[in-house]
Amino acid sequence: MSTTNDFAIDGKVCVITGGSGELGSAMAKAIGENGGKVVLLARGEEKLQQTSAELAEQDIEHSAIPASVLDRAELDAAAETVIDEYGRIDVLINAAGGNNPDATTGPDTSFFELPKEGLEDVVNVNFVGTVLASQAFGEYMVERGEGSILNVSSMNAFTPLTKIPGYSGAKAAVSNFTEWLAVHMAQNYTPDIRVNAIAPGFFLTEQNRYLLIDEETDEYTDRGQAIIDHTPQRRFGTPKDLATTVLWLIAPGSEFVTGTVIPVDGGFSAFSGV
């Protein structure tokens, strides 16, 4: 049996929320380099335009739309824009997310002092934003009868980490929603709409650098060193490490894969620490 085209994504229209973030932009570049048409969605116009310029330098066919994943009207307008320009939506990657220092415990902030606003911000941008974007763009997939939704969960969904209760809970909700939506789409609409998630391990990004790298010494913090000690491959991930898994999950070669959460973690989830 030939598998020549099982991983081809030529011409697929791929919408990426949080497309100007470190992980989102890395996914965009990988998809574009492999023939996909990329639509970047992000709420910060400056970073959005910067990422757009980087894709343009690589001659990647793309468009950039400013929109917040927490504003359903903006998402609906963005979806209409994509349909007007490309005629269809093949893939939605929900990469918008992140933690908030106001939802993080520490030496100066106990769990009992965490402000409601910080917790709400983390839950909203990670979980609620994923749901709203799936509604806005998934409806067009239902009309077309096929599509792929890829969510971004986290290792925290498997084993919650200390200090970040809001982020851990939000990502657990994303994993649960991934399974729910996969079943819902298959049973109520068509099995040709697949819903999966990736669960990145520990990737060094601007959002979590303060937790993992000491600003004064540029060495691992105690927390960063503990993560390295429990990661069999002995390093943090880079955004490019996600690319091949993302490409597989949105390609025809994974057509019997839905409702899964795939760890991309250097072996962290497989290691008991002993």
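Anything in the range 139-154 that is surrounded by fewer than 22 Cβ atoms within 10 Å (Cβ to Cβ) and part of a helix (DSSP H, G or I)? List them, or say none.
Listed by number, the residues that qualify are E139, Y140, V142, E143, R144.
Just give me the residues in the range 175-184 being free of Cβ contacts under 8 Å to residues at least 60 places away in the same chain and open to solvent by less than 90 Å² (accessible area, probe 1.4 Å), in sequence order.
The answer is F177, L181, H184.
Does the range 195-224 hold any residues that are out of contact with any Lys or Arg (no Cβ under 9 Å at 6 or more places or on another chain) and acidic (D, E), and which are they?
Selection gives E206, D214, E216, D218, E219, D222.
Quick one: in the range 93-123, of everything that is surrounded by fewer than 15 Cβ atoms within 10 Å (Cβ to Cβ) and within 23 Å of the chain's Cα centre (by Cα), which residue is farthest from Y210 (Cα to Cα)?
Selected residue: E117.
If Q135 meets every condition in (1) open to solvent by less than 60 Å² (accessible area, probe 1.4 Å); (2) under 18 Å from the mean Cα position of the chain (by Cα); (3) not small (G, A, S) apart from one, which number is that one?
(1)
The values are calculated or read from the model by the stated rules, or taken from the named source; none is laboratory data. Since we're looking at a predicted model, the values are computed, not measured. A quick note on method: Cβ atoms are made from the backbone with ideal geometry, for glycine too, and the neighbour counts reach across all protein chains shown. The area values use the complete protein model at the heavy-atom level, side chains included, leaving out ligands, DNA and RNA. Shrake-Rupley method; radii C 1.70, N 1.55, O 1.52, S 1.80 Å.
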